[in-house]
Amino acid sequence: MKAAILTAYGNEPEVAEIDRPFLPDDSVMVKVHAAAINPIDWIIMAGHLAEMLPYQLPWIVGYDASGVVVEVGADTVGFSIGDEVFARADGMQAGTMAEFSAIKASDLALKPGNISHAEAAGVPLAGLTAWQSLFDKGDLRAGQRVVIHAGSGGVGSLAIQFAKHAGAWVATTASARNKDLVEGLGADQFIDYSSERFEDVLEPCDLVFDMLGGDTLARSFDVVKPGGTIVSIKGDAPDGLAAARNVAFHSHFMQPSSEQLTEIAALIGEGTVRPLLDSTFALEDVAAAYDHARSGRATGKVAVSLTES
Ligand SMILES: NC(=O)c1ccc[n+]([C@@H]2O[C@H](COP(=O)([O-])OP(=O)(O)OC[C@H]3O[C@@H](n4cnc5c(N)ncnc54)[C@H](OP(=O)(O)O)[C@@H]3O)[C@@H](O)[C@H]2O)c1
């Protein structure tokens, strides 16, 4: 089968012909129609997580997939051949940017029927990250005020919609070119991060969802009420700041979840949430796809099609 593989840290992914993966009993074989790019891919490709995630090279790149079940593992229930599914694949060697991917049933959900495979591929990692950060860690409830940084990105664009669906009031930071976009997703207050300091224009909030880390995370303590919460998916807070401000701080790394992905799929299926797809590249153009995703010019997800090559 064809796959995008990383042969050495520091390299770009390249297309190669490799064997189909082995199918474990707890997994299904998915004929992948589309995979999506996430920032963690290029962090891994650069070798920055080699100690934390010691992948064997060559590694099939990609965590997200949308496709069709073509084989079901012996101990797997709940999925049948022909089902359209999507997932954030777990497991050390689980790569999704390949014609076939063996994915644990516990990571899979049925794909919503009203979106394409390319749109669906961009949902699992970003969507589960947003869901877990807002609700599991942030305990966001109706009537609360939440600040979502980077609302125009893959994670932020879904987070805005989840928070609005939960009945929260939402402020978001993004660049001026994406004002209409984030307001269209439901944001109540837009802040252009390049011309305004969010702490100068925001009233105190119950929750901040941070995905920038560094200075943005440190300044976020100025907009949270005492007793409020900050969840960051990009780093740790400066020492002592959370205690000094009486703020709960959580650093979160997302986990795959079939149950939560099924809840997200239901919101998409009923039209409450719509995923934001920037563009779709053919597998042969995988290096260009990564260049585009990394450039900061993409608005929403960049997908790679495994059926157009
Ligand atoms: N811990 C985890 O489990 C986890 C999971 C997923 C992602 N992440 C991390 O979360 C981050 C976001 O991921 P993503 O997939 O959403 O990335 P993305 O789709 O590339 O989006 C990044 C967004 O950041 C915005 N941005 C850049 N500088 C900003 C600033 N100073 N203030 C506010 N927004 C700014 C850009 O908005 P404009 O285009 O409007 O300028 C862009 O939309 C990445 O660093 C990723 O590594 C962590």
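Among the listed residues 203, 199, which satisfies the condition of being more than 27 Å from residue 265 (Cβ to Cβ) and either within 14 Å of the ligand (Cβ to nearest atom) or buried (at least 23 other Cβ atoms within 10 Å of the Cβ) (or both)?
Numbers: 203 fails: either within 14 Å of the ligand (Cβ to nearest atom) or buried (at least 23 other Cβ atoms within 10 Å of the Cβ) (or both).
One residue alone meets the criteria, 199.
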Go through (1) within 11 Å of the ligand (Cβ to nearest atom); (2) touching a residue at least 12 places away in the same chain (Cβ under 8 Å); (3) surrounded by fewer than 24 Cβ atoms within 10 Å (Cβ to Cβ); (4) closer than 19 Å to residue 231 by Cβ one by one and return the number of the condition residue 215 breaks. (2)
Residues (closer than 17 Å to residue 303 by Cβ and surrounded by fewer than 24 Cβ atoms within 10 Å (Cβ to Cβ)) located in segment 94-111: 99
Do we have any residue at all in segment 105-117 that's assigned by TED's automatic domain parsing to the domain that holds residue 6 and within 16 Å of the ligand (Cβ to nearest atom)? yes
Of the conditions (1) assigned to a loop (DSSP other than H, G, I, E, B); (2) near the ligand (Cβ under 10 Å from one of its atoms); (3) at pLDDT 95 or above, residue 235 satisfies every one except a single condition; which number is it? (3)
Filter pass, residue 89 being touching a Cys at 6+ places or on another chain (Cβ under 9 Å) and either under 30 Å from residue 23 (Cα atoms) or within 16 Å of the ligand (Cβ to nearest atom) (or both): no
Assess whether residue 228 counts as being small (Gly, Ala, Ser) and at pLDDT below 95. no
Quick check on segment 251-269. Is at least one of its residues within 16 Å of the ligand (Cβ to nearest atom), more than 16 Å from the chain's Cα centre (by Cα) and among the aromatic types (Phe, Trp, Tyr)? no
What about residue 26, is it farther than 26 Å from residue 275 by Cα and out of contact with any strand residue (DSSP E or B) (no Cβ under 7 Å at 6 or more places or on another chain)? no
Mind checking which residues of segment 238-254 are outside any loop (DSSP other than H, G, I, E, B), out of contact with any strand residue (DSSP E or B) (no Cβ under 6 Å at 6 or more places or on another chain) and free of Cβ contacts under 8 Å to residues at least 24 places away in the same chain? 241, 243, 244
Right, residue 180: modelled with pLDDT of 95 or more, within 12 Å of the ligand (Cβ to nearest atom), touching a strand residue (DSSP E or B) at 6+ places or on another chain (Cβ under 8 Å) and acidic (Asp, Glu) or not? no
Identify all residues within segment 148-170 that are of a type in the set (A, V, I, L, M, F, W, C), in contact with a strand residue (DSSP E or B) (Cβ under 6 Å, 6 or more places away or on another chain) and crowded, with 24+ Cβ neighbours inside 10 Å; write none if there are none. 148, 159, 160, 163, 168, 170
Hand me the list of strands (runs of 3 or more DSSP E) wholly inside segment 91-152 holding 2 or more residues that are at pLDDT 95 or above and under 16 Å from residue 232 (Cβ atoms). 145-148
Could you check residue 160 against (1) without any contact (Cβ under 8 Å) to a residue 40 or more places away in the chain; (2) over 29 Å from residue 259 (Cβ atoms); (3) outside any loop (DSSP other than H, G, I, E, B); (4) within 14 Å of the ligand (Cβ to nearest atom) and say which number it fails? (2)
(1) surrounded by 24 or more Cβ atoms within 10 Å (Cβ to Cβ); (2) more than 20 Å from the chain's Cα centre (by Cα) all hold for residue 81 apart from (1)
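The values are calculated or read from the model by the stated rules, or taken from the named source; none is laboratory data. Values in this document were obtained by computation on a predicted structure and should not be read as measured data. In this analysis, Cβ positions are derived from the backbone assuming ideal geometry, glycine residues included, and neighbour counts consider all displayed protein chains.
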